[in-house]
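For reference, the structure discussed in these notes is given below.
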Amino acid sequence: MSDMNNAIIPIHANVEISVDPNFTTAFMEITAPQNDGNHVTEEQIKNALIEKGVYFGIDEDVLSSVVKQKRYGENICIARWVPPVDGVDGTVKYLFDKDSVIAPVEDEHGTVDYKNLGIVKNIYRGTPIAEISMPTEGTPGTDISGKTIGQHIGVPAHVNIGAGTTLSEDGTAIVADLDGNLRFSGNAFVVEEELIIKKDVDVSSGNIDFIGNIIIKGNVLEGYTVSSKRNITINGTVTSATIKASGDVNVKLGSINSTIECGGSVKLGFCENSNIRAEHDVEAATFVGGEVYAGNNIIASGKGVMMGGKYTALKNIEASVIGSEGYAKTLITLGNNAVLSEERDTLSRRLEEIEDKCDQLGKILTTLTELAKAAKLSPAREHMKVEAMKSRFQLQGEMKRINNRIAEIDRTLELKQNLSVSCRKEFYPGVIIRINSFIHQVNVATSRSKATIGDDGIVFVPL
């Protein structure tokens, strides 16, 4: 009886599970068996987890190692949740600076151009202005009880679409919807087809180079350049400046000592000592000095004065007064044939120069050849001979090209053009008129007449 009372009772391994209140983790601690009690088993641990409501995130590798290695008395993480992965909100990344800072532009060599302040941001249709990232949904999580934990779903970026811009088809970019000037206004980039300069083009604005229409409320001052791929309108004057446009140019007051080139027509209040070139028409109330070329017509409207300078039009010229009482030299060239005649004269003069040079080179070669018969030429004279032969060969090639061009011009000049210079009031002496291949110098004042081609040359016909 006493032996039974003194018998040792085996104590088996025991599993204690503690669960985080949010069911994100579960820890276990196993007490070691005593008195030959049973060691812990995987089934025993799993049953303990189930009793605590743990069904998900159980680390099977840890569970196995605990049983095999008999890890007693340790606080071991046996289950861990899978947290949700929040989605990412959409974003907008602008590819241009929102702040318009006027500052001199520095080139790749470090040279600063103080007339180029970079106030215009040219942009072409289809050019990306901003990159937009799409939001992501993320993935839900699961706690250790097996419950799904929701995630934050990303929200789309707030995108402001300004005038002249558009959203790409896939929604991943803001792009320019037209060619123009890019600027940031009202929390959005806008693209404007028209650039308006409210004051003068001067040190405050610098040079202007824009792909759209330009409107200048003031003047263009000395030394500055305004360029456009379309049209330019200037309300004031252009003084000792340069204007270039692919379209039309309209200077409401006028031009002084300036250069204007355009692919369309030029219209001015007055034109004084300026170089004007237009593919279509040139029109002003007065032309004084300078050089004017028009692919179509030159028109002196209003006062209609053309006094001094050179005027070339491939079609017709109209004015009220051509020349001046002071016999100001005024050169009028009319028609493509007249332009070709001037070219022919220039080529003929060049041909004479080349013939003289070829003659001189020929004499040098003859002399050196005679000397070579008597004795071997020195290296210097041999070099001179080679260079003379090379130069003569090049000049002979140029002579051939010039003669071919002159022959081509002569064939074209055989075709007459029905062109005229109309003068509503007075042609003055000092005016020289070239129409086609004919030239006429006005020696006496001629009123209300039209200069055109007759049977034997230029004739004046009453208006």
Net charge of neighbours whose Cβ lies under 15 Å from the Cβ of Val159, counting Lys and Arg as +1 and Asp and Glu as -1: -3
Reachable lysines from Lys70, criterion Cα separation under 21 angstrom, eight or more residues apart if same chain: Lys46
GluC sites (Glu not before Pro) restricted to DSSP loop in segment 254-339 with at most 13 other C-beta within 10 Å: Glu325
Sequence-distant aspartates and glutamates (8 or more away, or on other chains) whose Cα lies within less than 17 Å of Lys450: Glu318, Glu426
Charge dipole (segment 247-364, unit charges on Cβ, about Cα centre) - positive-most of Gly309, Ser348, Gly335: Gly309
Segment 312-463 - charge dipole about Cα centre, Lys and Arg +1 at Cβ, Asp and Glu -1, debye rounded to 20: 360 debye
Estimated dipole of the chain in Debye, rounded to 20 [Cβ of Lys and Arg +1, of Asp and Glu -1, Cα centre]: 3120 debye
Eligible aspartates and glutamates near Lys121 by straight Cα distance, threshold 14 Å, same-chain separation 8 or greater: Asp97, Asp99, Asp179, Glu192, Glu193, Glu194, Asp209
Length gained when the stretch Asp202-Asp455 is fully extended (0.36 nm per residue, less Cα-Cα span): 85.7 nm
Antiparallel DSSP beta bridges within the chain, as percent of all bridges there, nearest 5: 40 percent
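How big is the dipole moment of segment 341-404 about its Cα centre under a simple scheme where the beta carbon of each Lys and Arg is +1, that of each Asp and Glu is -1, and everything else is neutral? Debye, nearest 20, please. Working shown, then result.
On the way: 13 positive and 12 negative charges, 90 e Å.
Magnitude of the dipole: close to 440 debye.
By its C-alpha gyration tensor, with a ≥ b ≥ c as the square roots of the eigenvalues, how is segment 201-357 shaped: rounded for a/c under 1.5, else prolate for a/b larger than b/c, else oblate? Working shown, then result.
Details: a/c = 1.97, a/b = 1.49, b/c = 1.33.
Since a/c reaches 1.5 and a/b is larger than b/c, the shape of segment 201-357 is classed as prolate.
Tell me the per residue accessible area of segment 196-298 using a 1.4 Å probe; a whole number in Å² is fine.
Details: 3990 Å² over 103 residues.
Normalised by residue count, the accessible surface of segment 196-298 is 39 Å².
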Folded to 0 to 90 degrees: helix 335-374 orientation relative to the chain principal axis, Cα: 90 degrees
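Determine the sum of side-chain charges near Tyr72: Lys and Arg each +1, Asp and Glu each -1, restricted to other residues whose C-beta is under 14 angstrom from that of Tyr72. Walk me through the numbers before you get to the answer.
Numbers: positive: Lys68, Lys70, Arg71; negative: Glu16, Glu29, Glu74.
Neighbourhood net charge equals 0.
Loop only by DSSP, 11 or fewer other Cβ within 10 Å of the Cβ. Give me the GluC sites (Glu not before Pro) in segment 38-93 that pass, ordered by residue number. Numbers along the way, then the final one.
On the way: sites: Glu42, Glu43, Glu51, Glu60, Glu74; in loops: Glu74.
The qualifying sites are Glu74.
Rule-of-thumb check for the chain: C-alpha Rg over 2.2 N^0.38 Å? Don't jump to the answer; show the numbers that get you there.
Values: Rg = 46.0 Å, N = 463, 2.2 N^0.38 = 22.7 Å.
The value comes to 2.03.
Could you please report the charge total around Cys262, scoring K, R as +1 and D, E as -1 over all other residues with beta-carbon less than 14 angstrom from its beta-carbon?
0
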Largest to smallest accessible area among Lys315, Lys303 [probe 1.4 Å]: Lys303, Lys315
Note, ³J(HN,Hα) from phi for segment 427-433, Karplus 6.51, -1.76, 1.60, rounded to Hz, x at Gly and Pro: 8, 9, x, x, 8, 10, 10
Accessible-area value, Leu167, 1.4 Å probe, nucleic acids and ligands omitted, Å²: 80 Å²
Extreme residue, positive dipole direction of the chain, given options Thr127, Ile215, Gly362 (C-beta unit charges): Gly362
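Roughly speaking, to the nearest percent, how much of the chain's 1.4 Å accessible area is carbon and sulfur?
Numbers: 12800 of 25680 Å².
On the chain, the fraction of accessible area on carbon and sulfur atoms equals 50 percent.
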Accessible surface of Arg448 - all protein chains present, 1.4 Å probe, nearest 10 Å²: 150 Å²
Convex hull projection area averaged over all views, segment 350-463, Cα basis, nm²: 10.7 nm²
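The values are calculated or read from the model by the stated rules, or taken from the named source; none is laboratory data. What you see is a predicted model, and the numbers here were worked out from it, not measured in a lab. Every residue, glycine as well, gets a Cβ built from its backbone with ideal geometry; the counts of neighbours run over all protein chains shown. Just so you know, the surface numbers come from the protein's heavy atoms only, side chains and all, with ligands and any DNA or RNA stripped out. Shrake-Rupley method; radii C 1.70, N 1.55, O 1.52, S 1.80 Å.
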